[in-house]
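Single-structure report; data block below.
The values are calculated or read from the model by the stated rules, or taken from the named source; none is laboratory data. Since the structure is predicted, the reported quantities are computational estimates derived from the model, not experimental observations. So basically every Cβ, Gly included, is an ideal-geometry build from the backbone, and we count neighbours across all protein chains shown. The protein model used for the area step is the full one, side chains on, heavy atoms only, and it has no ligands, DNA or RNA in it. Shrake-Rupley method; radii C 1.70, N 1.55, O 1.52, S 1.80 Å.
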Amino acid sequence: MPTDYANLVDGEMITTESWVDVVNPATEEVIGRVPACGKEELDRAVAAARKAFNSWRKTSMEERREVVLKISETIKDNLDELKRLLTSEQGKPHHQAKGELLGAAGMAKAQSTLSLDEEVTEDSDKRLSRTRRVPVGVVGGIVPWNFPVSMAVQKIVPALLSGCTIVLKPSPFTPLATLRLAELIKDVVPAGTVNIITGHDELGPLITEHPDIDKITFTGSTATGKKIMEGASKDLKRITLELGGNDASIVLPDVDVEKVAEQLFWSSFMNAGQVCIAAKRVYIHEDIYDALSQAIADFAKTVKVGDGAQQGTAVGPIQNKKQYERVLELIQDAKDNGYKFLVGGEEGDPTGSGYYVPITILDNPPEDARIVAEEQFGPVMPLMKFATEDEAIARANASEYGLAGAVWTKDADKGVAIAEQLETGTVWVNEFMQLSPFSPFGGHKQSGFGAEYGKEGLLEFTYPQVITVRRDAAV
Ligand code: NAD
């Protein structure tokens, strides 16, 4: 029997008459139902957030910090239950679900140390001018299905710390762990400061265009991001958009092939490749191409794909049917074009349940192959051969996306010199997927608008306000 989950509005758990079913991608069974909110419930949540804003905006940073720390503690205190729920709705293996939750708790704790200090910009005999940071107001947060809890927390935390209140919408595919967390923090957050409502995709545009929401913070696809920008333009809402990516890794010939193979594998296959900052194109220098591609393929054969709730599973299913079909379509296109597969590419079992895609590694497909040029968002890794650094940089940059990238080399200075030429918001040298609570994370080009994390991320939830006092005024 599926379990019913409620929404958090104005400090109370509420339900609706209509529901959205939530499916376990490992079994295709309905495991839960969540409220299908519409305009009425949204209006109620926004009104609660507006009312709460009037008092929350006046709180001290200390008071806000305390609430954020309690959210962080609540996640840690309920880790096991939340982990199981997250795996059952998202598909990721238990250890990765635990990693997501601990990451969210850790990020919240670390970011609670950020501050919004005033800056004195003129202090002369004539005048004193100071720039304060004031909260933008009621925030609408919209979250995708690949890291549902960490993305939700990453929207709630800076909203609260800046003095804003929030109405958050999880993805209809993965709302369960977030709603359980909502129930757990119900009495931790002051009523109305955090409201979490669920519904179909249609609830998204209602949030974007709601006249009493002042800012949208969104994580999801570039296509939806563009719609949000358009919707938000009607009343000039502030926006932060974290969008898609087609991240490139560049591997120089000086690396130790055996040592980097496993790391490169996980840089593409973590969360079954459903990571905005996964390595989706891997450029390997021709001198080591054969040895390294073989080492990655050998490692891939040791990795178990399966139900994330079962021990030993390292790569789970694709989270939803639509994305599953899209990844299969990209693989079929690669087959139809005769591209060579190092791993995968054979016929699957169409009768089995669960959205499983086998690990798929392609051997030097052309740059214009769909599986290279498009964001796959699945367990797919195209390996490509390059001859010169300039060529690798040009190929990495030939994308409408600009989220992140990586350079692998023993020569860190050379790695940095290449990193500085990549057109992305983040570049790692000799690691992958590391986000810091204190560094801004945001996409260049069509990978985003603005940034999350760090001081810069926090400032996006504020307006600058300059107050100037004339000291020698004749009044
Ligand atoms: P999506 O854009 O389909 O959906 C994201 C959210 O937007 C969901 O909650 C959905 O219900 C809502 N939504 C759908 N249509 C909407 C509309 N017209 N207006 C407002 N909201 C709407 O994305 P997804 O498929 O859930 O997530 C996968 C995408 O997210 C990938 O492209 C991935 O790269 C990207 N992503 C980016 C980051 C990042 O930080 N840059 C992180 C994770 C995922």
Would you kindly state how much longer the chain becomes between residue 77 and residue 463 on full extension, computed as 0.36 nm times their sequence separation minus their alpha carbon distance, in nm to one decimal?
-> 135.5 nm
Unsatisfied cross-links (Cα-Cα over 25 Å) in the set 186/322; 76/186; 51/215; 335/445; 109/169 = 186/322; 335/445
Taking r as the C-beta separation of residue 3 and residue 58 and R0 as 22 Å, the FRET efficiency to the nearest 0.05 is 0.05
Excluding residue 337 itself, what net charge comes from residues whose Cβ is under 14 Å from its Cβ, given Lys and Arg +1 and Asp and Glu -1?
-> -4
What is the Å³ per residue value for the convex hull set by the Cα atoms of segment 2-67?
-> 121 Å³
Here the convex hull volume per residue of segment 248-429, taken over Cα atoms and given in Å³, is 113 Å³
Rank-order 285-291, 357-363 by packing density, defined as the average count of other C-beta atoms within 10 Å over each peptide's residues, highest first.
-> 357-363, 285-291
Return the calculated 222 nm mean residue ellipticity for the chain, to the nearest 500 deg cm²/dmol, obtained by summing -39500 (n - 2.57) across DSSP H runs with n ≥ 4 and dividing by the residue count.
-> -11500 deg cm²/dmol
On a C-alpha basis, how far is the centre of segment 27-105 from the centre of segment 152-170 in Å? Whole number, if you could?
-> 10 Å
Segment residue 436-residue 256, extension gain: residue separation times 0.36 nm, minus the distance between their alpha carbons | 62.1 nm
Hull volume in cubic angstrom per residue (convex hull over the Cα atoms of the chain) = 157 Å³
quick note, the chain, DSSP beta bridge pairs, % antiparallel (nearest 5) is 45 percent
Where labels lie 7 Å past Cα in the beta-carbon direction, separation of residue 227 and residue 420 in nm = 4.2 nm
Solvent-accessible area per residue, Å², over the chain with all protein chains present [probe radius 1.4 Å] | 41 Å²
Taking the alpha-carbon centre of each part, the distance from segment 396-423 to segment 240-287 in Å is 11 Å
Give me the Debye-computed log₁₀ of I(q)/I(0) at q = 0.17, 0.26 Å⁻¹ for segment 404-475, equal point scatterers on Cα only, no solvent, two decimals.
-> -0.73, -1.16
Any idea what diffusion coefficient segment 103-177 gets from Stokes-Einstein, in µm²/s, Kirkwood Rh on alpha carbon pairs, 37 °C, 0.692 mPa s?
-> 227 µm²/s
For the chain, what % of the accessible area comes from carbon and sulfur atoms, probe 1.4 Å?
-> 50 percent
